[in-house]
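Nothing in this text is a laboratory measurement; each read-out follows from the coordinates by a stated rule. Small disclaimer: the values here were computed from a predicted structure and weren't measured. In this analysis, Cβ positions are derived from the backbone assuming ideal geometry, glycine residues included, and neighbour counts consider all displayed protein chains.
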Amino acid sequence: MTTTVRKIELSDKERWLELFKDYIVFYESELTDEQFELTWQRIHSDFNMYGLLAEHDGKIVGLAHYLYRPSTWAVSDFCYLEDLFVDPSVRGKGVGRALINTLGEIASKAGAERLYWTTAPDNATARRLYDSLATTNRVQYRIPLNQK
């Protein structure tokens, strides 16, 4: 059982969309079809949004979306892992770890100072993985703006 991670390709759209929709449902949220399409287009343009897919035993089972942002605290950009999702059928088999580790390598090669992400406080499964890989010392606050 092997896991490989690679960049999202145009031919991956159908499976990517299935996984991304499952991710949105997991967080009990909703996106319009237009937003899914916009995200797809951004990943495949010069928008500064990128995507990875994980294959486990030849089947696409995970995704990660990320971007780079400048920081007032560092000369180099930070890499933000915005979305990470692994098909429930393969959770615990190292797919999430492979996605994060690969992204860490990509971000490091790009000169990023830091890789960071957030998750829901009650996402215990993901937090076990995250706690084994990284430290946290911040709490995120949100003010919704321009909600439709």
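Only helices enter the 222 nm calculation for the chain: every DSSP H run of n ≥ 4 contributes -39,500 (n - 2.57), and dividing by all residues gives -10500 deg cm²/dmol, rounded to 500.
Need one word for the stretch 94-148: rounded, prolate or oblate. Basis is the Cα gyration tensor (sqrt eigenvalues a ≥ b ≥ c); a/c below 1.5 gives rounded, then a/b vs b/c decides. Walk me through the numbers before you get to the answer.
Numbers: a/c = 2.02, a/b = 1.35, b/c = 1.50.
Since a/c reaches 1.5 but b/c is at least a/b, the shape of the stretch 94-148 is classed as oblate.
Go ahead and run the numbers for FRET between Thr72 and Tyr141, Cβ-Cβ distance against an R0 of 25 Å, rounding to 0.05. According to the calculation, E is roughly 0.90. Here the contact order of the stretch 32-147, divided by its residue count and restricted to Cα pairs under 8 Å and six or more residues apart, works out to 18 percent. A straight Cα-to-Cα reach below 20 Å connects Lys109 with the lysines Lys7, residues fewer than 8 places away in its own chain not being considered.
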